[in-house]
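S.K.: If you scroll down you'll find the structure; I have some questions about it.
Any read-out appearing in this document is the output of simple, stated calculations on the displayed coordinates, not a laboratory observation. Since the model is a prediction, treat every value here as computed from it, not as a measurement. Cβ sites come from the backbone with ideal geometry, for glycine too, and all protein chains shown count toward neighbours.
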């Protein structure tokens, strides 16, 4: 790499213009904006902190900056020394030059990276959603190569991978359980989000630790100039976001909170229900989350950011009852039970522009996921009967805690090179299941103990280097190496992962792309349910359980048509080794003992083709995404060692997304999705159990399941639509959003089960048989949301 | 606690459900064949017909099948039509095909079965050698604060081949029956032991049984610990004899063919997962080509140990406790 860069370092007549690209009104940094010289077409793009650096020969230039959803910004510069220059860009709503913006946007055919999709946050806000809750992950499910799990859930299955193979980053911090309410809502509050990027393959070397995708979500930084707020009141939840300067143009903050309130609304009804049964009781569920961020511009070269996310899901149940024991005593019993889970993430970042070509970012993060299920019972006599009172308390706790530190550098020696390198370490603490139990009886000291799996400590460290290099006028290659290691107990694993992604320009609007990525994943999610259960358990690689690894090749074309439509077609082939599945018969509810004894280790492969056409700007925008894919798993001890389709093997997956600005005051959006039914395992016949030689007392039937996942549920399809009605008020803008999820009330399959039925005949006899039942979750679900911005 | 979670899940998930019926293809009925060939007894087979999962009615035994058994040495046995007898345990009728020969250890057998209206099936197995039980110890010890009867069975594994074992425990006594004022006769009676392995990681066998492979102790002498809370509820023992009846623990180690091992272990897993909607489905192994069931080989070794009555808990036939071990 040094030999490549050395000639550029030695050219004396080159100078560098560097700075930040930001929104003119809010000061919000724009990530991935294009900065270029329109004469030579040499350019660069802003990094995750809005920083850019462009080195050009000495001379006069009129540099331009462009960004989706923003008007073009140009600035004249005489480059006879290294200079700093910030681009301040205006949103198109102010400029009303939509078509021009489209023509100047970053073009997909020019990027070396492939399998990357950025979704403008404005688009996410327009798309109709379940119960009106905007949802980043459900929007990502509408992209090719990304499959949703079951109805309504926000899990992502990318190119045949599992839900644990996605690196969900919120401001660079991994979020381990990205769902609320068993997956029906994601934890990411769109009001606090600045950008969303999904990478499905051809991973740049600076990412690592997961096999299948990176979802890089960046929070807003807060308005540097003015105080603003926004909020929404919906059927399920309400939210409020406030942002503004702490010191104008120096420091800002943003804070955004959300809470569901069905528990509060239903509380009187539930209490009344308990009362009619003669007891005092209450039960309910809510989730809440809070995003906060402050940033401080210490100098033109130094910035510091502190961001945090806290989210909590809580089921609770309380019961109190008093009844007479004898004529002079009453007994009071109290029962409490609950189920609680949530994430806490915090990131402290320090940016430093070391030179105009070298940008450094130092990050320290903390991430915690915790799941607690508990129950307590208390029995008290009044007045006290000696030896009668007793109490009991039980808690099951599992989770994962990470402390991490990393340093990342961006080095931009010339327009032909964008070098990244860095190093980091994550200190994991896995809590795979701890039981806390205490009890006392009759006033005597009882048991107070903690037992279960011991915490497991592990270090995951990495270093990487990559260069995005232009070779001639047509070829651009992003190549790099990611080295990582994992130490836990006496186990040590390491991996050197080459990454390369390239494009070759056929003409100005069309390029061929190819990529290869090798990935390694040291932590695994044990999950045996189709819904996003919070009981899913994160576990490390151990001496028995090796790290998962994958190799993926992709080939595709990218084209921009009439400066409006981006078209990409990609084919991919991915292999995955050391995948985990629960053993046959294992279940969260029945499994005990060591988790390592509950699993099988196998491999998988996936291949397919993805077609994507997108129009990002204009009054009519949206995309069509289609995926044709095959995903297979093979485990020595599952399906008798034969390959079988993955549960989310989906032959056809189609998404159509349309957003239409009808007028300044009204916009409309609709989505239609179609997917081949999920592959499930069902018994297809039954035969006699082995009671002939009295080997067993059991005489139930044996069920023949045929091949694993050989039965297909019915195809999934759904139409959602919504209207947004905006109105400028004196001091704020309000929006009424109305729409419907599953507009034609399609009964999509959620799961299937067999139910016994008895057929009665006219002669008084009857016969037992079974029927197959499909459970569907949601018919048409309308929504209405009121939101405001000031 | 897990019940609570189930209830919460049920509330969230099932509370919003709509239910519709679906069609599923009817599947062709096939023969299921069972035969666990043990040198200590006559070879016996049982044949039934399978039904599609949506078909109504009980499974039916096949009475008129034709079975041909061929040994590797070319000896052929032909069986036609089943016998009828009552299952001694359940009282239900059994239709069995009795081969009239005892299998020979080390010999391979191929079983062909056919019946009108069904595709013919074939299965192969080999009879393993008996295992040598070297020692059996019993006693009581504290497990999680509870006094438990235990049984240690030690046997020698043959390291030259892969072995699979079924370990089971049962109890026996001699029940005194007073014929007249002078004569008392003793009738043997076998009761079941509620036994399970003391090593929880070995759990997964059936009722009172343990199914394991020699993966962890290939070629070594191995001791399996079984805990049992035992009863002799099937034996009618008059309380006046309770201190004088002998009680025996019967330890059985059955060397299974690989077919038998795969069948039994997967079958018990399917039974264990029954009723848990979140459990992964279990496919039961079958070595019957074009059909279901298992024709497997096995060779059973047993050792009987006389123990004192205070090792066990004895119930009489009315489940009335007449003697409880310490």
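S.K.: For region A:138-197, just say rounded, prolate or oblate: build the C-alpha gyration tensor, square-root its eigenvalues into a ≥ b ≥ c, call rounded for a/c under 1.5, and beyond that prolate if a/b exceeds b/c, oblate if not.
M.R.: Values: a/c = 1.45, a/b = 1.27, b/c = 1.14.
Rounded, because the longest to shortest axis ratio a/c is under 1.5.
S.K.: With both partners inside the protein assembly as shown, how many of the DSSP beta bridges are antiparallel, as a percent to the nearest 5? Show your work: numbers first, answer last.
M.R.: On the way: 451 of 467 bridges.
Antiparallel: roughly 95 percent of the beta bridges in the protein assembly as shown.
S.K.: Contact order normalised by length for region A:278-364, with contacts defined as Cα pairs under 8 Å and 6 or more residues apart; what percent is it?
M.R.: Numbers: 177 pairs, mean separation 25.2, N = 87.
Averaging sequence separation for qualifying contacts and normalising by length gives 29 percent for region A:278-364.
S.K.: Would you please calculate the Kirkwood hydrodynamic radius of region A:347-389 over all C-alpha pairs and express it in Å, rounded to one decimal?
M.R.: Numbers: mean 1/r = 0.0610 Å⁻¹.
Final number for the Kirkwood radius of region A:347-389 is 16.4 Å.
S.K.: If I model a spin label at residue A:471 and residue A:300 as a point 7 Å from the Cα along the Cα→Cβ vector, what separation in nanometres do I get?
M.R.: 3.8 nm
S.K.: Further question: For peptide B:45-52, what's the mean number of Cβ atoms from other chains within 10 Å of each residue's Cβ? Please report the intermediate quantities before stating the final value.
M.R.: Values: counts 2, 5, 2, 5, 2, 8, 6, 7.
Average per residue, whole number: 5.
S.K.: Okay, next question. Quick one, can you get me the convex hull of the C-alpha atoms of chain A expressed as volume per residue in Å³?
M.R.: Per residue, the Cα convex hull of chain A comes to 215 Å³.
S.K.: Same structure again: Provide the packing ranking of B:100-111, A:707-718, i.e. peptides ordered by the mean count of other C-beta atoms within 10 Å per residue, highest first.
M.R.: On the way: B:100-111: 16.9, A:707-718: 18.5.
Most protected by this proxy first, the peptides run A:707-718, B:100-111.
S.K.: Under the rule a/c < 1.5 gives rounded, and otherwise a/b versus b/c splits prolate from oblate, where does region B:58-138 land using the Cα gyration tensor? Display every interim value, and only then the final one.
M.R.: Values: a/c = 2.55, a/b = 1.28, b/c = 1.99.
The shape class here is oblate.
S.K.: To the nearest 10 degrees, how steeply does helix A:262-276 sit against the main Cα axis of chain A, on a 0 to 90 scale?
M.R.: Taking the Cα atoms of chain A, the angle to A:262-276 is about 10 degrees.
S.K.: Turning to a different aspect of this structure: How much length is gained if the chain between residue B:194 and residue B:129 is pulled fully straight, taking 0.36 nm per residue apart and subtracting their Cα-Cα distance, in nm to one decimal?
M.R.: On the way: separation 65, 0.36 × 65 = 23.40 nm, distance 2.76 nm.
Answer, rounded to one decimal: 20.6 nm.
S.K.: Rounded, prolate or oblate: which fits region A:196-277, taking a ≥ b ≥ c as square roots of the Cα gyration tensor eigenvalues, rounded meaning a/c under 1.5, else prolate when a/b beats b/c? Mind dumping the intermediate values first?
M.R.: Working: a/c = 4.20, a/b = 1.44, b/c = 2.92.
Because a/c hits 1.5 or more and a/b fails to exceed b/c, region A:196-277 counts as oblate.
S.K.: Order the peptides B:258-267, A:250-259 from the highest to the lowest mean number of other Cβ atoms within 10 Å of their residues. Present the calculation step by step, with values, prior to reporting the outcome.
M.R.: Numbers: B:258-267: 23.4, A:250-259: 20.7.
Highest-to-lowest ranking by the protection proxy: B:258-267, A:250-259.
S.K.: Per-residue counts of other Cβ atoms within 10 Å, averaged by peptide: what ranking do you get for A:740-749, A:303-312, highest first?
M.R.: On the way: A:740-749: 18.2, A:303-312: 20.7.
Ranked from most to least packed, the peptides come out as A:303-312, A:740-749.
S.K.: Within 10 Å of each Cβ in A:672-679, how many Cβ atoms from other chains are there, averaged over the peptide?
M.R.: The mean count of partner-chain Cβ atoms within 10 Å per residue comes to 0.
S.K.: Here's another thing I want to ask about it. Over the whole of A:765-771, what's the average partner chain Cβ count within 10 Å per residue? Rounded to a whole number, please.
M.R.: Numbers: counts 0, 1, 4, 3, 7, 6, 7.
Taking the mean over all residues of the peptide, I get 4.
S.K.: Could I ask something else about it? Run the helix sum for the protein assembly as shown: -39,500 (n - 2.57) per DSSP H stretch of 4+ residues, divided by residue count, reported at 222 nm to the nearest 500 deg cm²/dmol. The partial results should precede the final answer.
M.R.: Details: 8 runs with 74 residues, N = 1116.
It lands at -2000 deg cm²/dmol.
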